[in-house]
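> Supplied in structure tokens, the structure appears directly below.
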Amino acid sequence: MSETTSFFNTPSPPQLKGIWAWLLTQDHKRLAVMYLWAVMFWFGIAITIGFLIRIELMSIGPTIMGPDLYNAAFTLHGVIMIFLFVIPGIPAIFGNFILPIQIGADDVFFPKLNLLSWYLYMAGGIMALVSLFTGGGFPDTGWTFYVPFSISTSHNVPLTVLAAFTLGMSSMLTGLNFITTVHRMRIKEMGWMQIPLFTWALYATAWVQLLATPVISITLLLIIFERLFSIGLFDPDKGGDPLLYQHLFWMYSHPAVYVMILPGMGVISEIIPTFSRKAIFGYKAIVYSSMGIAIAGSLVWAHHMYTSGMSDTAIFVFSLLTFLVAIPTAVKVFSWVGTMYKASIEMTPPLLYAMVFIYLFSVGGLTGLVLGAAGTDIHVHDTHFVVAHFHFTMFGGTGFAFFAALHYWWPKMFGIMYDFKRAYIAATLATVGFMFHYVPMFILGMMGMPRRYYDYLPQFSQGNLFAGIGGILLFIGIMLMLINLLLSFRKQEKAVANPWGGVTLEWSIPSPPPLHNFVAPPTVQDYPYDFSNVLQKAAAQHSSVNTEQKESE
Amino acid sequence: MDPVLGVDRAFWYIFIVSAVLLTGITLVMIYFAIRYRRSKNPVPEDIRDNWKLEVVWTIIPTLIALSMFWVGWSSYTGLRNVPKDAIEIEVLGQMFSWIFIYENDKETENELVVPVNKPIKLNIESIDVLHSFFIPAFRVKADAVKGMPTYVYFHPKETGTYDILCTEYCGTSHSSMTATLEVVTMEQYETWLEEEE
């Protein structure tokens, strides 16, 4: 392959120079890199806040902060993690970078809209930051902003809500862009059943983003109206209904859970076949289950509300629907494990993260069954059991999928390779820390310790101490992982175009890719996970090595 | 059946089935990763799907999921069907304490006293923001909403002291919004009810 100039050295539009070549760029790859740094900044802040929360809880009584600061801390941790890390993380960074390349396109369909989405993301983040230091104090309502508390607290809720609104808009426009790109920019040779699974997952996600996000926008606007004009939409004192708010909130926020996890599942569906050098097992089943999760997942929102006073009939219906979502999820897990059967598996950091994902996400999914069942949910609802459950899915799931994606596409994005040994140590430390951190919370929840608790009864102290120790290990593991990735910039160990032997189109172009992605027109395989070419090449290399060895003997 | 027992059985059913599935998935995955490592197995087989296997692993989880739904639902009905002879007590949640009002208008704060071996129905409401009334020992929980009464029902079988907690975040002192439940004999309950505060 002849030398090409990477997108890092080719501004787009071409007349831009210096910092403007970044700030006004319309190149999907530059935007992805800009998202990466912004998302990592927020992730760093939120994980540090989460760490401090757990240190506070390690002993009874005030440890390092007071109750008001604590309440603000968990609110911020939730708002930042959800709206600035988990939702945008994989789609905005890896979706932007990889999706157009996987379908043979040179950019997304609306490059300017893509740039606008980035600015909306930054604006939302800055609003969230400003809301901390203005108004009546740190927002302290929890990320759910439940009424009537959120309309009665004097703290600075409207700006935080506006921030969430802006971030929602950013994510919606990204979704719109992906849908159009997949439909309009896909090269002609690629039929629907030849699209790589990461792109499929993002496509399913994008529909949910586009259709569900307006609901939260309406809801958040209603909250702002309610606070400013005291209309009485949600406030029972003025004839409003707090349950209306909860329905509206979860009508978005539950589908949003699938916005958070589906892209992660897409990442795993790429990594497992690549390192197994084997076709993904049940390609079509995975595609249909992605769409199935997107559709069914949009109809289960009220399973967050079994104790709210909603009717028993509603509980029956929502509980039943919730169990139906479990099925496509189970199919995906079985397909991933099935792919490894009779494969040729090479252990690498991305694969290790992917396998840890399968384990942690399975725990998260299975404990979700406890929460979906009506009788058992009543006991554990709003306890630490729920905290552990959604951290297993959102952190063990989406978070670890994000880490897997970082390690998988890092050489593609930057053209450099990181140190494997440190990556393994970091992954192991993070996983062990994760288990010690969250498993005690399941037990605390079963014992009845509620969530969002600044202080607790003596019977909960042992579990909280363990969770804190696990949290420290987890924090160290994640920091080591990030440092290891950053150190790769200093070492500058060059990565080849296809370091893993992947077969999707991003591996057929140079690392980092040139501005227009493809030097030669891409060729599409009949089946997207056909490894026969990779295997032939490996066999040829192997035999040439063997003959060399024989000759030297 | 005792509602607590029903809920606990549902917990055990879901936990045991889940533990079996989790162990199976994890062990098989690790086994494959070792057994089919590249140094041992340089040439993979080309298997793309197997519709029989896929049908099986769709149908079996469906049956498991439906059975769990049913177990969960029937244990829930146990918590909701209040016997006719239940003693009714009004519960009011406020920032940051619980008020209990008995049949004879006796009022207590953060102390609920009930007789043993009698079904108890608590009618719950809030006078400000949302709270949620939770007695872990009896597996019951219901949100306290202003203007919309909810209820919980439980049937204590032994005397003793139990914790009552608030599980809906309600502000600064949410975590100290606790109360105690005293289950006493019928005679003790009756004398207590007539006592002047």
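The values are calculated or read from the model by the stated rules, or taken from the named source; none is laboratory data. On a predicted model such as this, the values are computed, not experimentally measured, just so you know. Backbone-built Cβ (ideal geometry, glycine too); neighbour counts: all protein chains shown.
> Could you please give the count of residues in segment A:121-139 that are at pLDDT below 80 and crowded, with 18+ Cβ neighbours inside 10 Å? Don't jump to the end; show me each part of the working.
First, pick out the residues of segment A:121-139 that are at pLDDT below 80: A:132-139.
Cutting the leftovers down to crowded, with 18+ Cβ neighbours inside 10 Å gives us A:138-139.
Looking only at that region, the number is 2.
> What are the residues in segment A:354-407 that are of a type in the set (Gly, Ala, Ser), within 11 Å of chain B (Cβ to nearest Cβ) and closer than 21 Å to A:Met305 by Cα, if any?
Those that are of a type in the set (Gly, Ala, Ser), within 11 Å of chain B (Cβ to nearest Cβ) and closer than 21 Å to A:Met305 by Cα: A:Gly364, A:Gly365, A:Gly368, A:Gly372, A:Ala373, A:Ala374, A:Gly375.
> Something else about it: Looking at A:Phe434, is it touching a Gly at 6+ places or on another chain (Cβ under 8 Å), in contact (Cβ under 8 Å) with a residue 40 or more places away in the chain, of a type in the set (Phe, Trp, Tyr) and within 14 Å of another protein chain (Cβ to nearest Cβ)?
Details: touching a Gly at 6+ places or on another chain (Cβ under 8 Å): yes; in contact (Cβ under 8 Å) with a residue 40 or more places away in the chain: yes; of a type in the set (Phe, Trp, Tyr): yes; within 14 Å of another protein chain (Cβ to nearest Cβ): no.
For A:Phe434, the condition - touching a Gly at 6+ places or on another chain (Cβ under 8 Å), in contact (Cβ under 8 Å) with a residue 40 or more places away in the chain, of a type in the set (Phe, Trp, Tyr) and within 14 Å of another protein chain (Cβ to nearest Cβ) - is not met.
> From A:Thr431, A:Thr383, A:Thr398, A:Thr393, which residue is within 25 Å of B:Thr62 (Cβ to Cβ) and at pLDDT 95 or above?
On the way: A:Thr431 fails: within 25 Å of B:Thr62 (Cβ to Cβ); A:Thr383 fails: within 25 Å of B:Thr62 (Cβ to Cβ); A:Thr398 fails: within 25 Å of B:Thr62 (Cβ to Cβ).
Criteria check complete, one pass: A:Thr393.
> Ok, one more. Please state which of the following conditions B:Pro83 fails to meet, knowing it meets all the rest: (1) within 28 Å of B:Phe138 (Cα to Cα); (2) assigned to a helix (DSSP H, G or I).
Only one criterion is unmet by B:Pro83, namely (2).
> Specify which of the listed residues (B:Tyr13, B:Tyr36, B:Tyr31) is farther than 20 Å from A:Ile286 by Cα and facing another protein chain (nearest Cβ under 8 Å).
Details: B:Tyr13 fails: facing another protein chain (nearest Cβ under 8 Å); B:Tyr31 fails: facing another protein chain (nearest Cβ under 8 Å).
Matching residue, one of B:Tyr13, B:Tyr36, B:Tyr31: B:Tyr36.
> Tell me yes or no: at least one residue of segment A:284-294 is touching an Asp or Glu at 6+ places or on another chain (Cβ under 8 Å), within 9 Å of another protein chain (Cβ to nearest Cβ) and part of a helix (DSSP H, G or I). Outline the logic, then answer.
Initial filter on segment A:284-294 (touching an Asp or Glu at 6+ places or on another chain (Cβ under 8 Å)): A:284-285.
Of the ones still in play, those that are also within 9 Å of another protein chain (Cβ to nearest Cβ) are A:284-285.
Subset that is part of a helix (DSSP H, G or I): A:284-285.
Checked segment A:284-294: at least one residue is touching an Asp or Glu at 6+ places or on another chain (Cβ under 8 Å), within 9 Å of another protein chain (Cβ to nearest Cβ) and part of a helix (DSSP H, G or I).
> Continuing with the same structure: Hey, could you check segment A:222-239 for residues that are assigned to a loop (DSSP other than H, G, I, E, B) and touching a residue at least 24 places away in the same chain (Cβ under 8 Å) and say which is nearest to A:Val300 (Cα to Cα)? If you could, list the steps in order and put the result at the bottom.
Residues of segment A:222-239 assigned to a loop (DSSP other than H, G, I, E, B): A:230-235, A:239.
Retained after the next criterion (residues that are touching a residue at least 24 places away in the same chain (Cβ under 8 Å)): A:234-235.
On the way: A:Phe234: 22, A:Asp235: 25 Å.
Ranking the qualifying residues of segment A:222-239, first place goes to A:Phe234.
> Among the numbered conditions (1) of a type outside the set (Ser, Thr, Tyr); (2) within 11 Å of chain A (Cβ to nearest Cβ); (3) over 17 Å from A:Thr383 (Cα atoms); (4) touching a helix residue (DSSP H, G or I) at 6+ places or on another chain (Cβ under 8 Å), tell me where B:Glu125 comes up short.
(4)
> Working only within segment A:51-72, note down all residues that are of a type outside the set (Val, Ile, Thr), in a helix (DSSP H, G or I), in contact with a helix residue (DSSP H, G or I) (Cβ under 7 Å, 6 or more places away or on another chain) and touching a residue at least 60 places away in the same chain (Cβ under 8 Å).
Selection gives A:Phe51, A:Arg54, A:Glu56, A:Tyr70.
> Can you name every residue in segment B:16-28 that is of a type in the set (Ser, Thr, Tyr) and more than 8 Å from every other protein chain (Cβ to nearest Cβ)? Reasoning before the result, please.
First, pick out the residues of segment B:16-28 that are of a type in the set (Ser, Thr, Tyr): B:18, B:23, B:26.
Correct list: B:Thr23 only.
> I want to confirm something. Restricting to segment A:3-25 and keeping residues that are in contact (Cβ under 8 Å) with a residue 40 or more places away in the chain and assigned to a loop (DSSP other than H, G, I, E, B), which single residue is surrounded by the most Cβ atoms within 10 Å (Cβ to Cβ)? Walk me through it before giving the result.
So in segment A:3-25, the residues in contact (Cβ under 8 Å) with a residue 40 or more places away in the chain come out as A:4-8, A:10, A:12, A:24-25.
Still in the running and assigned to a loop (DSSP other than H, G, I, E, B): A:4-5, A:10, A:12, A:24-25.
Details: A:Thr4: 16, A:Thr5: 11, A:Thr10: 15, A:Ser12: 19, A:Leu24: 15, A:Thr25: 22.
That would be A:Thr25.
> Same structure again: All but one of (1) under 29 Å from A:Val267 (Cβ atoms); (2) part of a loop (DSSP other than H, G, I, E, B); (3) within 14 Å of chain B (Cβ to nearest Cβ) hold for A:Tyr418; which doesn't?
Tallying (1) under 29 Å from A:Val267 (Cβ atoms); (2) part of a loop (DSSP other than H, G, I, E, B); (3) within 14 Å of chain B (Cβ to nearest Cβ), A:Tyr418 fails exactly one: (3).
Residues are listed down the side, and each one gets a yes or a no for (1) charged (D, E, K, R); (2) crowded, with 16+ Cβ neighbours inside 10 Å; (3) farther than 29 Å from A:Thr274 by Cα; (4) not assigned by TED's automatic domain parsing to the domain that holds B:Glu158:
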position	(1), (2), (3), (4)
B:Trp12	no, no, yes, yes
B:Phe15	no, yes, yes, yes
B:Thr23	no, no, no, yes
B:Tyr31	no, no, no, yes
B:Arg35	yes, no, no, yes
B:Lys40	yes, no, no, yes
B:Lys52	yes, no, no, yes
B:Trp73	no, yes, yes, yes
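> Right, another one. Quick check: is even one residue across segment B:172-189 facing another protein chain (nearest Cβ under 9 Å), in contact with a strand residue (DSSP E or B) (Cβ under 6 Å, 6 or more places away or on another chain) and among the aliphatic types (A, V, I, L, M)?
no
> Given the conditions (1) farther than 15 Å from B:Leu122 by Cα; (2) surrounded by fewer than 20 Cβ atoms within 10 Å (Cβ to Cβ); (3) under 21 Å from the mean Cα position of the chain (by Cα), and given that B:Glu168 satisfies all but one, which numbered condition is not satisfied?
Among (1) farther than 15 Å from B:Leu122 by Cα; (2) surrounded by fewer than 20 Cβ atoms within 10 Å (Cβ to Cβ); (3) under 21 Å from the mean Cα position of the chain (by Cα), B:Glu168 violates only (2).
> Is it true that some residue in segment A:438-458 is over 18 Å from B:Glu168 (Cα atoms) and more than 14 Å from chain B (Cβ to nearest Cβ)?
Yes, the conditions are met somewhere in segment A:438-458.
> Could you list, in sequence order, all residues of segment A:474-525 that are part of a helix (DSSP H, G or I), among the small types (Gly, Ala, Ser) and without any contact (Cβ under 8 Å) to a residue 40 or more places away in the chain?
Correct list: A:Ser508 only.
> I'm checking my understanding of the structure. Among residues of segment A:182-200 that are crowded, with 20+ Cβ neighbours inside 10 Å and part of a helix (DSSP H, G or I), which one is farthest from the chain's Cα centre (by Cα)?
Among them, the one singled out is A:Val182.
> Here is a check on your reading of the model: is B:Arg48 more than 7 Å from every other protein chain (Cβ to nearest Cβ), surrounded by 14 or more Cβ atoms within 10 Å (Cβ to Cβ) and more than 19 Å from A:Val370 (Cα to Cα)? Walk me through it before giving the result.
Working: more than 7 Å from every other protein chain (Cβ to nearest Cβ): no; surrounded by 14 or more Cβ atoms within 10 Å (Cβ to Cβ): yes; more than 19 Å from A:Val370 (Cα to Cα): yes.
No.
> Does B:Asn104 count as more than 28 Å from A:Val147 (Cα to Cα), of a type in the set (S, T, N, Q), away from chain A (no Cβ under 13 Å) and over 21 Å from the mean Cα position of the chain (by Cα)? It would help to see each step written out before you state the result.
Details: more than 28 Å from A:Val147 (Cα to Cα): yes; of a type in the set (S, T, N, Q): yes; away from chain A (no Cβ under 13 Å): yes; over 21 Å from the mean Cα position of the chain (by Cα): yes.
Judged against the criteria, B:Asn104 is a match.
> Is one or more of the residues making up segment B:53-68 out of contact with any Ser or Thr (no Cβ under 7 Å at 6 or more places or on another chain) and farther than 23 Å from A:Leu324 by Cα? Show your work before the answer.
To start, the set of residues in segment B:53-68 that are out of contact with any Ser or Thr (no Cβ under 7 Å at 6 or more places or on another chain) comprises B:53-68.
Filter once more, keeping what is farther than 23 Å from A:Leu324 by Cα: none.
No.
> What do you reckon, is A:Leu36 on the phi < 0 side of the Ramachandran plot, modelled with pLDDT under 95 and in a helix (DSSP H, G or I)?
Working: on the phi < 0 side of the Ramachandran plot: yes; modelled with pLDDT under 95: no; in a helix (DSSP H, G or I): yes.
It is false that A:Leu36 is on the phi < 0 side of the Ramachandran plot, modelled with pLDDT under 95 and in a helix (DSSP H, G or I).
> Regarding segment A:320-327, can at least one residue be identified that is in contact (Cβ under 8 Å) with a residue 40 or more places away in the chain, in contact with a His (Cβ under 6 Å, 6 or more places away or on another chain) and at the interface with chain B (Cβ under 10 Å from one of its Cβ atoms)?
Yes, the conditions are met somewhere in segment A:320-327.
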